[in-house]
Amino acid sequence: MQPKHLDTRVVAARRRAVIVAATMLTSIVAFPTLGSTQNAGKPIVIARDMDLNSLDPSRAFCDTCQIYLSSVYDRLVDLSPDNKSIVPMLAKEWTANSDATVLTFKLDPKATFSDGSQVEAKDVKWTFERLKNIKGGMAYLLDNVKSIETPDKETVVIALTAPNSEFVGSLTAPYAGIINSDAVAEHGGEAGPEASSKDNAEQWLLANSAGAGPYVLESYSPNHELRLKRNDNYWGKKPSVEEFVFLQTKDAVSQTQLLENGSADIAMQVDPTTAKAINNENVIVETAPSFNMVYVAVSPGAKNLPHPLDAKIREAIASAIDYDGIIDLTVDGKGKRLPAPIPNGFPGGGIGEPIKHDVEKAKGLMKEAGAADGFTLAATYPNVNQYGVDYTLMMQKIQQDLAEINIKLELQPVEFSVWREKVNGDGIPLTAVFFAPDYYGSSQYAQYFAMMDGTVWYKRAGGKNDPSLANPETPKLLAAALAAQGEKSGELFGKLAGVLANDRIILPIVSPDAVFVSRKGISGLRFSACCNMVLSDIQAK
Amino acid sequence: MTQYVFRRLISMPLLLLGVATMAFFLSHFTQADPLSALVSERQMGNPEVVAAAKQRWGLDRSMPEQYAIYVKNLVTGDLGVSFRTRRPVLTDIAERLPATLELVIFAMLFGTTSGIVLGVVASRFHDRPADYAARFFALFGSTVPVFWSGLLLLYLFTVKFGLIPGPGRLDARADQPPFVTGMFTLDALLSGQFGTFLDALHHLVLPAFVLGWSVTGIISRLVRASMLDVLGQDYILAARAKGAGEARTLLRHALPNAMIPTLTIVGYSFAYLITGAVLTEAVFAWPGIGSYAVDSARTLDYPAIIGVSLIGATAFLLTNLVTDVAYAYANPRIKLG
């Protein structure tokens, strides 16, 4: 038998061990969350599912790219908060000749890059030539530029191949942000005709920025974190927030959790249904109309169709969809219908009434087309939740709606890359996808959706094999709208919108409202048609 | 033993080449568009832009040519450039692997320790309430999907009680420790940043628990079964007859013998978690290899897919080797040759 005093020592030692372990465990678990206690003077954290594919203005194309580039690279012109008016930025003024084919921009002599060097005409020429010659994400913005001249260091003269009343507006796109040509050329940047194969600056631009914007890149870790800090040499009005951190946060629920426990200040992709469930007095939910669009596309040229998707069938499909029901179901009613695939508020957008949900009319059209008994259509779509719309939910509702006119949809949710392969290959009879503008202007919609040679959806709809799909009115209307100015231009874009709508290839479902969720004390959040969200407008208490 | 290890090590490059070849051809035969991360939707109608992207990324070459170039670069340690992040795959992996390793090490520490304790307790109190409770906990951990338990625990401990910080490795407002190993807890300690160490540890608690729970289930069941087997052996009876206490009998005589089959599972679990922490990393926004692999697969990012496959294969090969060696040490009857 062991002596009694030994037992007592063992028990005491065990007690001490338990106390130490418990203390350690408590200190780990109950260590206060930093987010809730250390906000003052710290960066503003934005929880976002970042879709960044590059930080190089000439190569990037994504929603987060718009926010980053517009914060770091000032453009010649900016879009005012009314989302319509073009206002000076690096160019203090600009003029156009009588037919708007030659534009002259005068640079603000005060404008400097973040390294302190002056923004000169040569930088503008180099930036635009690089964007065009790299043939990257948004080169289309400069498709109709014939030449760029720089008569002096503060003047840029751009000649166009044809009149384009939307050209100046298109330069508000973040991808047209002006790059410090000396800095980037020094790190492999190339703007000449061989730029697509010779430019090697992209990797340098993933770790450095070379713009004249209010923020500079501090650090970037793909799919994890993007840090921007205030440009202390900024030539314009200095923004109030010193530092922003974008934190990769995949879904709306996680974004909300971060916000509610104080680890984030702003969440940008919270859908209306999740936002509705937030019950926290320190969290503010605001909505604003966006210019994003969720749409269904019908492709008469897709292979192996069980029945031709002619004009009558397309009209029947368009009439059978319960648009309001989808808006209620997917975004809790927080969205607008669009009469045509051009956003309300854009030139020619929002004119007329959107197509009505009319099942009887749809059934009649099916009968007239000899398809009263219906048929089955493959409906492959990207399995995403974009702009708050759950695509599977939306497609299930459309499946239900079309079943009423005996069209059976076979839903096939796939990854975006698989969808791209299918839609550009054999084609997809009926699909759904999304679109966001790069700038305030309607020509980008015509150039993407219109049934005319060279557009993405003309090819996908089967225009190559069936030229009868082409609408000869469209290119003429587009050219006329771009040649006209002001109200006349808007009127012609309105006609163009009508043509796009009546093709019934692109069926706009909803323009979902932008939902901004933030902690109390954050202000200045707004949706911008060119730039998504403008960081320099944000203020924090 | 040395010869055995050497033979295993020199056979690794060949095995890795096989893995790279499989990953290369499988990803190239997938019906998806690798240009989705390279060419914007807007530009898909522009043949010049599509051709320029294909040329830049070598996608205009035939598959055998692409394969030959890949293997040639691989020999020099170049895993190519990711279509999605536009950075060298090696840089991406070097940045993300420490995050996964840190998570997996903590998960394994929790999973192995709790698994062994629960297994011993369950065997000692065989068919009694403690056994049932331990088995229920273990079964729950290995059957409940991570996306459910992770989200539920996040909701409870982060939103409801505010005890645990939200997703991520470190509070975004905290200063990151200087890079030494890439593991924030270790780097913070090495640089003397105790606050950062606690913050990193705090962020690790929940994901490591969720990830380790599945290991707890496997190990505790295995330890329980082995212990029950061992406890019925004559030498245990002999130990008890000689007056050994219950704790000594269990921990000194029974457990070491019961642990031998467990070693294999521990080694396998470690390699499995390195490549299989996908869901945990997704739920907890953990910037590791798992989430990198998923994002790469979704965009058909060939170089990244092959790079991750190589990392996974290396992890399996190395842990298998370490397990085999450990097995031989633990059981002198096993001869490696």
Only one of (1) crowded, with 19+ Cβ neighbours inside 10 Å; (2) of a type in the set (Gly, Ala, Ser); (3) in contact with a Pro (Cβ under 9 Å, 6 or more places away or on another chain); (4) facing another protein chain (nearest Cβ under 10 Å) fails for B:Ala188. Which number is that?
(4)
From the list B:Thr185, B:Thr196, B:Thr216, exactly one residue is under 30 Å from B:Pro256 (Cα atoms) and either among the polar types (S, T, N, Q) or over 18 Å from the mean Cα position of the chain (by Cα) (or both). Which is it?
B:Thr216
Top-ranked residue of region A:83-104 - restricted to ones that are charged (D, E, K, R) and part of a loop (DSSP other than H, G, I, E, B), ranked as nearest to A:Leu142 (Cα to Cα)
A:Asp99
Which residue pairs have Cβ atoms closer than 7 Å, lie 6 or more positions apart in sequence or on different chains, and pair a first residue in region A:471-489 that is buried (at least 17 other Cβ atoms within 10 Å of the Cβ) with a second residue that is among the acidic types (Asp, Glu) and at pLDDT 90 or above?
A:Asn471/A:Asp503; A:Leu482/A:Glu166
Checking the condition under 22 Å from A:Asn223 (Cβ atoms), buried (at least 16 other Cβ atoms within 10 Å of the Cβ) and over 16 Å from the mean Cα position of the chain (by Cα), which residue from B:Ile305, B:Ile311 passes?
B:Ile305
Being farther than 20 Å from B:Pro88 by Cβ, among the hydroxyl-bearing types (Ser, Thr, Tyr) and either at the interface with another protein chain (Cβ under 9 Å from one of its Cβ atoms) or buried (at least 21 other Cβ atoms within 10 Å of the Cβ) (or both): is that true of A:Tyr215 here?
yes
Name the residue, out of B:Ala133, B:Ala138, that is assigned to a helix (DSSP H, G or I), more than 14 Å from chain A (Cβ to nearest Cβ) and touching a Lys or Arg at 6+ places or on another chain (Cβ under 8 Å).
B:Ala138
Enumeration of residues in region A:425-450 that are within 9 Å of chain B (Cβ to nearest Cβ) and assigned to a loop (DSSP other than H, G, I, E, B):
A:Gly425, A:Asp438
Could we say that A:Gly490 is on the phi > 0 side of the Ramachandran plot and within 26 Å of the chain's Cα centre (by Cα) here?
no
Confirm whether A:Gln255 is over 15 Å from A:Met533 (Cα atoms), at pLDDT below 95 and more than 9 Å from chain B (Cβ to nearest Cβ).
yes
Has region A:451-468 got at least one residue that is assigned to a helix (DSSP H, G or I), under 22 Å from B:Glu48 (Cβ atoms), within 14 Å of chain B (Cβ to nearest Cβ) and of a type in the set (A, V, I, L, M)?
yes
Meets criteria (among the acidic types (Asp, Glu) and away from every other protein chain (no Cβ under 14 Å)) for B:Glu48:
no
Residues of region A:124-153 satisfying the condition of being part of a helix (DSSP H, G or I) and either within 14 Å of chain B (Cβ to nearest Cβ) or surrounded by fewer than 22 Cβ atoms within 10 Å (Cβ to Cβ) (or both):
A:Lys125, A:Glu129, A:Arg130, A:Leu131, A:Lys132, A:Asn133, A:Ile134, A:Ala139, A:Tyr140, A:Leu141, A:Leu142
Filter region A:292-307 for residues that are surrounded by fewer than 17 Cβ atoms within 10 Å (Cβ to Cβ) and either without any contact (Cβ under 8 Å) to a residue 12 or more places away in the chain or under 30 Å from the mean Cα position of the chain (by Cα) (or both) and give the result.
none
Residue in region A:311-322 that is more than 26 Å from the chain's Cα centre (by Cα), β-branched (Val, Ile, Thr), on the phi < 0 side of the Ramachandran plot and surrounded by 20 or more Cβ atoms within 10 Å (Cβ to Cβ) present:
yes
Conditions (1) of a type in the set (Lys, Arg); (2) over 30 Å from A:Phe167 (Cα atoms); (3) more than 14 Å from chain B (Cβ to nearest Cβ): number failed by A:Lys422
(3)
For the structure I just gave you, tell me whether B:Lys72 is in a helix (DSSP H, G or I), of a type in the set (D, E, K, R) and within 20 Å of A:Asp56 (Cα to Cα).
no
Of the conditions (1) in a loop (DSSP other than H, G, I, E, B); (2) facing chain A (nearest Cβ under 7 Å), B:Arg42 satisfies every one except a single condition; which number is it?
(1)
Specify the residue that is modelled with the lowest pLDDT; the eligible residues are those in region B:16-50 that are surrounded by fewer than 14 Cβ atoms within 10 Å (Cβ to Cβ) and among the hydrophobic types (A, V, I, L, M, F, W, C).
B:Phe29
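The values are calculated or read from the model by the stated rules, or taken from the named source; none is laboratory data. This one's a predicted model, so the numbers in the text were calculated from it and none came from an experiment. Reconstructed Cβ throughout: ideal geometry from the backbone, glycine too, with neighbour counts over all protein chains shown.
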